[in-house]
1. Restricting to segment 222-255, what's the tally of residues that are under 22 Å from the mean Cα position of the chain (by Cα), in a helix (DSSP H, G or I) and not β-branched (Val, Ile, Thr)?
2. Yes or no: segment 208-225 includes at least one residue that is in contact (Cβ under 8 Å) with a residue 60 or more places away in the chain, among the polar types (S, T, N, Q) and surrounded by fewer than 17 Cβ atoms within 10 Å (Cβ to Cβ).
3. Inside segment 36-61, can you point out the residues that are open to solvent by 30 Å² or more (accessible area, probe 1.4 Å) and either more than 17 Å from Val163 (Cα to Cα) or of a type in the set (S, T, N, Q) (or both)?
4. Quick one: which helices (runs of 4 or more DSSP H) lie wholly within segment 96-173 and hold at least 1 residues that are under 30 Å from Arg8 (Cβ atoms) and of a type in the set (D, E, K, R)?
5. Scan segment 184-220 for residues that are within 22 Å of the chain's Cα centre (by Cα) and not in a loop (DSSP other than H, G, I, E, B) and report the count.
6. From (1) in contact with a strand residue (DSSP E or B) (Cβ under 8 Å, 6 or more places away or on another chain); (2) open to solvent by 60 Å² or more (accessible area, probe 1.4 Å); (3) hydroxyl-bearing (Ser, Thr, Tyr), pick out the condition that doesn't hold for Tyr112.
7. Would you please name the residue that is farthest from Val165 (Cα to Cα), looking only at residues in segment 12-30 that are surrounded by 21 or more Cβ atoms within 10 Å (Cβ to Cβ) and over 16 Å from the mean Cα position of the chain (by Cα)?
Amino acid sequence: MDLGAFERDNSGSCLLESAVPARCRTEPCCLGIDEAGRGPVLGPMVYGICYCPMAQQGDLEALKVADSKTLTEAQREQLFEQLNAAKDYVGWALHILSPNFISTGMQQRAKYNLNALSHDTAIGLIQHALDSRVQVAEVFVDTVGPAEKYQEKLKRQFPGLEVTVRAKADSLFPVVSAASICAKVARDRAVKNWKFVEDLEGAALDYGSGYPNDPKTKEWLAQSLDPIFGYPQFVRFSWSTAQTILESKAVPVHW
């Protein structure tokens, strides 16, 4: 997985993908969708798809993929390498959404909330697979919002596909587990190797997990605030955790 394109410009969004296995263009395939990094105040959110021929779902399950949240970082990295090694029947694609991209959308005049962004990103990845001539027949999705409504939305968008949306789909369907692993590995690498374009004046880079309730993350947010310019682009400035610190410690602006 080469994150070079995103690392060169981590202010927007970026699509990464594997090669499409030849058999995925000739045999009916199942496709799973999941995300990583929806909740953190730091770093990108990554949406992932993974797909394989329906006839080889058993081979995918034999890799012992699981919900990425139940695995250690080392286990996720190992499973991702196994998925990559199975390139004759497994393919994947990722859409990395930067903190700046997420927060700008959420705070624009016509607000683009996180659920709408998540739905649109998932739809875009399904369409990307279809445009890449993957013979998608079944889609399994980890839900965002009410599962029934989301499933109906996807079925209207893709009437020719069999769509299943479930809560905790990443622990129910191996192809969703695989997508979860791909997304989580990409987010972990992006966060670990984040290139700050701002001068943080020697600020510590131990920012913890990035989740709002992590004491290390809270401490880093307090230390990294510029009272005039706000936060580096690594921070989702639309999150309430960041907003609270901005309102209490940054210089107020009157328009």
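The values are calculated or read from the model by the stated rules, or taken from the named source; none is laboratory data. Just so we're clear, the structure is a prediction, and the values are computed from it rather than from any experiment. When we count neighbours, we look across all protein chains shown, and the Cβ atoms used for this are built from the backbone with ideal geometry, even at glycine. Surface accessibility is based on the protein's heavy atoms, side chains included, excluding ligands, DNA and RNA. Shrake-Rupley method; radii C 1.70, N 1.55, O 1.52, S 1.80 Å.
1. 2
2. Looking through segment 208-225, at least one residue is in contact (Cβ under 8 Å) with a residue 60 or more places away in the chain, among the polar types (S, T, N, Q) and surrounded by fewer than 17 Cβ atoms within 10 Å (Cβ to Cβ).
3. Step one: of segment 36-61, the residues open to solvent by 30 Å² or more (accessible area, probe 1.4 Å) are 38-39, 54-55, 57-59, 61.
Scanning segment 36-61 gives Arg38, Gly39, Ala55, Gln57, Gly58, Asp59, Glu61.
4. On the way: elements: 99-107, 114-131, 147-157.
The helices (runs of 4 or more DSSP H) meeting that bar are 114-131.
5. 10
6. (1)
7. For segment 12-30, the residue satisfying everything is Pro21.
Yes/no matrix, rows are residues, columns are (1) touching a Gly at 6+ places or on another chain (Cβ under 7 Å); (2) of a type outside the set (D, E, K, R); (3) open to solvent by 30 Å² or more (accessible area, probe 1.4 Å):
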residue	(1), (2), (3)
Val165	no, yes, no
Ser171	no, yes, yes
Val176	yes, yes, no
Leu200	no, yes, yes
